[in-house]
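See below for the structure under consideration.
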Amino acid sequence: MSLSSIVSSACKIIKPYSPTPTSLRCHKLSYLDQMLGGIYVPLALFYPNLSNTWSNKPSNLSEHLEKSLSKVLTHYYPLAGKLNDNVSIDCNDYGVEFFTTKIDCPMSKVLNDPYADKEDLVYQKGVSNTYSYEGSLAVFQLSYFNCGGIAISACITDKVADGYTIGTFMKDWVTIARNPSSELPSPQFNGASLFPPTKDDLSNESNNIVPEREECSSKSFSFSSSKLAALKGMIINQSESTESD
């Protein structure tokens, strides 16, 4: 599957809904942040066309996600800033890139083919798993498939967010998208106080731990909703059993 499947693509810069206070403008990187190479970590969520809620009005969905993204960025303000060498992030409310893309193939073709080149479809070309992207610190994409299904993807540099933070961000985004008046707990960006930064230059290629693409092999794992529910139930039962001991 190639980029020829992409019919159209448009980009907007989404800024935080509320300005970041002056006292939070400088976000210092922690020592762990400094050690990382700055790779853009990808995550994509796929939604089949079950209800046709948005399929006839894609612009409505795009606008809705843009507004909710703007609101959640108020809480995750470092994502909308600019990296200052390997020292800090200037939380200047520059914003994040939000792409809207139409893909001329069904979503099943991407999900069911383990060898399909998904990265350049549901992620912007040259962003996923790269160190060299010079755009915003976080890049998002809403992809429409011709079957009516959609994909929402994020590529966020590990200089500003680890896997847990990315997962929490996406969960909070979903919360705001469902109910714009929802109150979110403010995340704590205090890594530098726990792991003080160093003045030594750690931003070199030795920190890039991801091998070249031609040296990589990949596998695809598919879990049904029933299997996921069974796994969740097993974990809950184990947790309850541990608490009762």
Would you mind finding the one in 159, 171, 109 that is in contact with an Asp or Glu (Cβ under 8 Å, 6 or more places away or on another chain) and either surrounded by fewer than 19 Cβ atoms within 10 Å (Cβ to Cβ) or within 21 Å of residue 70 (Cα to Cα) (or both)?
-> 159
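Matching residues to (1) surrounded by fewer than 19 Cβ atoms within 10 Å (Cβ to Cβ); (2) at pLDDT below 95; (3) aliphatic (A, V, I, L, M):
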| position | (1), (2), (3) |
| --- | --- |
| 36 | no, yes, yes |
| 40 | no, yes, no |
| 43 | yes, yes, yes |
| 49 | yes, yes, no |
| 56 | yes, yes, no |
| 102 | yes, yes, no |
When every residue in the stretch 209-230 that is of a type outside the set (A, V, I, L, M) and touching a Leu at 6+ places or on another chain (Cβ under 9 Å) is compared, the one modelled with the lowest pLDDT is 220
Every listed condition ((1) touching a residue at least 24 places away in the same chain (Cβ under 8 Å); (2) part of a loop (DSSP other than H, G, I, E, B); (3) not acidic (Asp, Glu)) holds for residue 151 save (2)
Filter pass, residue 120 being crowded, with 21+ Cβ neighbours inside 10 Å and either modelled with pLDDT under 90 or assigned to a loop (DSSP other than H, G, I, E, B) (or both) = no
Restricting the first residue to the stretch 95-114 and requiring it to be under 15 Å from residue 145 (Cα atoms), which pairs with a second residue that is among the basic types (Lys, Arg) meet a Cβ separation below 7 Å and a spacing of at least six or different chains?
-> 110/118
Any hit, the stretch 70-84, residues being in contact with an Asp or Glu (Cβ under 9 Å, 6 or more places away or on another chain), at pLDDT 90 or above and of a type in the set (Val, Ile, Thr) = yes
Using the structure shown, decide if residue 94 is closer than 22 Å to residue 187 by Cα, modelled with pLDDT of 85 or more, surrounded by fewer than 18 Cβ atoms within 10 Å (Cβ to Cβ) and in contact with a helix residue (DSSP H, G or I) (Cβ under 9 Å, 6 or more places away or on another chain).
-> yes
Total residues in the stretch 174-200, condition under 20 Å from residue 26 (Cα atoms) and surrounded by fewer than 17 Cβ atoms within 10 Å (Cβ to Cβ) | 11
Which of the following residues is part of a strand (DSSP E or B), surrounded by 15 or more Cβ atoms within 10 Å (Cβ to Cβ) and of a type in the set (Gly, Ala, Ser): 128, 136, 143?
-> 143
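The values are calculated or read from the model by the stated rules, or taken from the named source; none is laboratory data. All figures in this text were calculated on a predicted structure; none of them were measured in a lab. When we count neighbours, we look across all protein chains shown, and the Cβ atoms used for this are built from the backbone with ideal geometry, even at glycine.
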